[in-house]
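Peer 1: First, the structure itself, so that you have it in front of you.
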Ligand SMILES: [Zn+2]
Ligand SMILES: [Zn+2]
């Protein structure tokens, strides 16, 4: 019996465990000793007996086995650093880059043997671009991607009636072509829906409905409450670009309960006073109603406009552009993620005509 290696001198246990865990069947290019006869491995000199494994051609064995292992591990790699446009960048800039899983981590989860690791590496390929990926490159899995795009899933599904796959595809398209959303079928569908007067999530906020806006002032610095002019949204000239609003378009954020305001602002009652302006709707408003969905990406829109987070802004921004282009919307209504209640974000309104400040009081 001619053979070159045995189960004692290659990392056979690791390979076997990997094959079994992934239900890959028999390991090719191996032969199990079925009856006792004296054999000594020419490589490691181990004495072999029944049940031990012989490998007749070392090179063929490694080629076959590492290709199978590499191919199996590659299924984990939904997108590599080069073809992922969201999550990896986000973590690199804002999180701990050590949180990112690299190709090396993936292999080390299963193998400790240097010989195997070295041979498996060239077989690791990204499922998206099909390029082989260096050991220290990060990647994301399919489920991580689902989680990333899942942020919009309820809105795709419950508001726009779009599948998760089509929605994710659209967000990816936007990340590469941020200005061309309307060229994509999903983009067209969303715009058509928004223009349709019978669209279920297009609702009216009736006359006389009250909404609140809060503004804090430092107890020791300003003693008098804010006046009405100070409780409106900032003038257009000084508005920076945000999640919804293009630079220069000022947005008025209102809430329907004091609790929401307190939580959204993160009110620190020890050092600050908070004045609340009570706004009353004078003309019925038309808004896109996202309440009842997980619209956290939409509701965080008044936070930082950091451009590295732009992937997260792309979809809300697209919706906003469509609402403006449709020309009939005054704003968006969504659940507060911080307090119990709703936020109303108004981007198209006439001060004093569509709504006005009815009352101002200091919260306590
Ligand atoms: Zn051996
Ligand atoms: Zn790739």
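Peer 1: Work out, step by step, the length gained on full extension between residue 8 and residue 141: first 0.36 nm times the residue separation, then minus their alpha carbon distance; give nm to one decimal. Before the final figure, lay out each step's value.
Peer 2: Numbers: separation 133, 0.36 × 133 = 47.88 nm, distance 3.41 nm.
Result: 44.5 nm gained on full extension.
Peer 1: Distance between Cα centroids, the range 117-195 to the range 5-80: provide it in whole Å.
Peer 2: Each part reduced to its Cα centre gives a spacing of 37 Å.
Peer 1: Now for a different question. Using only the alpha carbons of the range 5-140, what is the convex hull's orientation-averaged projected area in square nanometres?
Peer 2: On the way: hull surface 35.0 nm².
Over all viewing directions, the range 5-140 projects a mean Cα-hull area of 8.7 nm².
Peer 1: If I build a Gaussian network model for the chain, linking alpha-carbon pairs within less than 10 angstrom, which residue out of 349, 152, 298 has the largest mean-square fluctuation?
Peer 2: Looking only at 349, 152, 298, the biggest GNM fluctuation is shown by 349.
Peer 1: When N is the residue count of the chain, what does its C-alpha Rg come to as a fraction of 2.2 N^0.38 Å? Walk me through the intermediate numbers first.
Peer 2: Details: Rg = 30.1 Å, N = 364, 2.2 N^0.38 = 20.7 Å.
Ratio of Rg to 2.2 N^0.38 Å for the chain: 1.45.
Peer 1: Once every DSSP H run of n ≥ 4 in the chain is given -39500 (n - 2.57) and the sum is divided by its residues, what mean residue ellipticity at 222 nm do you get, rounded to the nearest 500 deg cm²/dmol? Before the final figure, lay out the partial values.
Peer 2: On the way: 12 runs with 114 residues, N = 364.
After summing the helix terms and dividing by the residues of the chain, the value is -9000 deg cm²/dmol.
Peer 1: Helix 164-176 sits at what angle to the longest principal axis of the chain, using alpha carbons and giving 0 to 90 degrees rounded to 10?
Peer 2: 80
Peer 1: Show me 266-274, 186-194 ranked by packing, highest mean number of other Cβ atoms within 10 Å first.
Peer 2: On the way: 266-274: 13.8, 186-194: 17.9.
Put in order of decreasing packing, that is 186-194, 266-274.
Peer 1: If R₀ is 41 angstrom, what is the calculated FRET efficiency for the pair residue 198 and residue 176, using the beta carbon separation as r and rounding to 0.05?
Peer 2: Values: r = 33 Å, r/R0 = 0.81.
Computed FRET efficiency for residue 198 and residue 176: 0.80.
Peer 1: If you don't mind, another one. If I take every Cα pair under 8 Å that is 6 or more residues apart in the chain, average their sequence separation and divide by the length, what percent do I get for the relative contact order? If you can, show how the numbers build up before the last one.
Peer 2: Working: 604 pairs, mean separation 54.6, N = 364.
Computed value for the chain: 15 percent relative contact order.
Peer 1: Hey, quick one: spin label on residue 280, modelled 7 Å out along Cα-Cβ, who in the range 349-364 has an amide N within reach, i.e. under 15 Å?
Peer 2: 352-361
Peer 1: Taking springs between alpha-carbon atoms closer than 10 angstrom, which of 313, 12, 173 fluctuates most in the Gaussian network model of the chain?
Peer 2: 12
Peer 1: Then there's this: If R₀ is 56 angstrom, what is the calculated FRET efficiency for the pair residue 165 and residue 208, using the beta carbon separation as r and rounding to 0.05?
Peer 2: 0.80
Every number in this text was worked out from the coordinates using simple rules, so none of it is lab data. Please read all numbers here as calculations on a predicted model, not as lab measurements. With ideal geometry, Cβ positions are generated from the backbone for all residues, glycine too; neighbour counts draw on all protein chains shown.
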